[in-house]
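Just so it is clear, none of the values below were taken in a lab; they were calculated from the coordinates. For clarity, every value in this text was computed on a predicted model and none was experimentally measured. Cβ: placed from backbone, ideal geometry, glycine included. Neighbour counts: every protein chain shown.
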Amino acid sequence: MNIPAGAAHEVRLLLVGRGLRAFVDGYVAVLLPAYLLALGYGTWQVGLLSTATLLGSALATLALGAWGHRASQRLLLLGAALLMTATGLGFAGLSAFWPLLLVAFVGTLNPSSGDVSVFLPLEHSRLSLAAEGDARTRLFARYSLTGALFAALGALAAAVPDVLTGLGIDRLTALRGMFVAYAGVGALLCLLYARLPERHAMDQVAAPEPLGPSRGIVVKLAVLFSVDAFAGGLIVNSLLALWLFERFGLSLTVTGAFFFWIGVLNALSLLAAPWVARRIGLLKTMVFTHIPSSLFLIFAAFSPGLPLALGFLLLRAALSQMDVPTRSAYVMAVVTPPERAAAASFTAVPRSLAAALSPSLGGALFAAGWLAAPLIACGCLKIAYDLALWRAFRQQPGS
């Protein structure tokens with residue numbers, strides 16, 4: 001992949017960390033609604049807690065974009081790992097909704113299919129220094145692929161509470177144990193990130209700086225990305241699992257297996273993304289694969305039975321993630337090297353803020369009995385985003 005020998009060790013550490021986080025995120029997204037339902041809460045509370053989680057992540061990422069260039073990225077990653085440990089222990093030990101909501105807001109829980117945490121811009125910034133051009137796109141694809149594969153395996157682990165319940169363990173205790181395991185992964189990440197080399201300005205192509213010459217491009221991208229993120233927040237993985245629970249009565253085991261196959265298809269699409277991007281360009285890959293995936297989501301909402309709905313959702317999964325590595329590589333390609341860390345943060349922040357607004361709306365629509373509405377709205381908004389992105393940037397160099 002044309003990664004310098006000095007950077008290969010750091011890349012391996014970051015990929016291992018991404019895999020560990022994705023594994024626990026994979027089962028938490030499925031278990032979170034089941035856990036809240038087991039505690040006696042309803043569908044609206046699931047959406048509200050998802051909103052709090054995404055809003056807290058957005059504000060943390062905003063702070064990182066504004067002031068993170070003044071601090072050591074290694075120390076920031078270590079702090080995030082410690083916060084992850086505290087988040088898992090908080091969810092395992094608390095039952096009252098408002099304390100859980102507070103932990104969700106300040107913690108690292110991820111109810112969505114992608115990575116929305118403060119880890120993302122920090123790791124992207126470090127990875128962007130390890131390769132250039134097509135090699136960088138492949139590296140981001142490898143990073144995203146690692147996340148998709150381990151998230152798929154994590155979704156299978158959502159069946160563990162059912163297994164433990166069958167062995168006579170109280171269901172709520174089994175669910176709490178999964179959050180203790182989440183905390184344990186946070187502790188492992190502390191050990192992992194402690195081995196990362198310290199970055200100094202002289203080691204980098206250019207020292208990190210706030211946004212400057214590329215501000216206009218980044219702002220335009222951030223606005224468009226926020227539309228996409230708001231749409232995706234209407235049906236984050238936790239709400240999609242809730243939709244399957246409520247509409248079709250699926251068990252944790254079956255739902256976890258379904259999300260495993262979604263993860264596998266996501267991973268295959270991530271593998272294909274660099275190959276497609278080399279042939280048609282980053283922007284075309286982002287747009288022309290995203291529109292069909294949104295149509296499949298709308299078709300799933302109107303499906304009369306479970307097999308057809310699952311089929312359309314699997315078809316969506318085969319395309320929906322192809323824009324992830326290409327989007328990251330595109331942002332890095334259209335800004336100057338010193339602005340990359342700030343650009344990663346300031347394009348991630350609106351996504352997280354916008355995504356934080358919509359899960360509570362999706363949960364409220366479910367609670368009102370409009371089970372198809374979040375899926376339809378998500379698909380239509382994403383198609384509008386794709387068309388606007390294409391119109392705004394099709395003449396931009398690097399597209």
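General observations
- Each Cα pair under 8 Å and six or more residues apart adds its sequence gap; the mean of these over the residue count of the chain is a relative contact order of 30 percent.
- Over all orientations, the chain has a Cα convex hull whose mean projected area works out to 17.4 square nanometres.
- Listed residues T53, W275, L102: farthest to the positive end of the dipole of region 5-393 (Cβ charges): W275
- By the helix-only formula, in which each DSSP H run with n ≥ 4 contributes -39500 (n - 2.57) and the sum is divided by residues, the chain has a 222 nm mean residue ellipticity of -26500 deg cm²/dmol.
- Within region 356-399: backbone nitrogen closer than 17 Å to the K220 label point (7 Å, Cα to C-beta): 385-399
- Here the dipole of the chain is about 620 debye; that uses its Cα centre as origin and unit charges on the Cβ of Lys and Arg (positive) and Asp and Glu (negative).
- Spacing of the two label points (7 Å from each Cα toward its C-beta) at L75 and S95, in nm: 4.1 nm
- Positive dipole terminus of the chain, leading residue within G168, M322, L375 (C-beta point charges): M322
- With Cα atoms, 0 to 90° folded angle of helix 73-93 axis to the chain main axis: 0 degrees
- For the chain, the longest principal axis of the C-alpha atoms and the axis of helix 323-334 are separated by about 30°.
- Principal-axis analysis of the Cα atoms of the chain puts helix 5-38 at an angle of about 20° to the longest axis.
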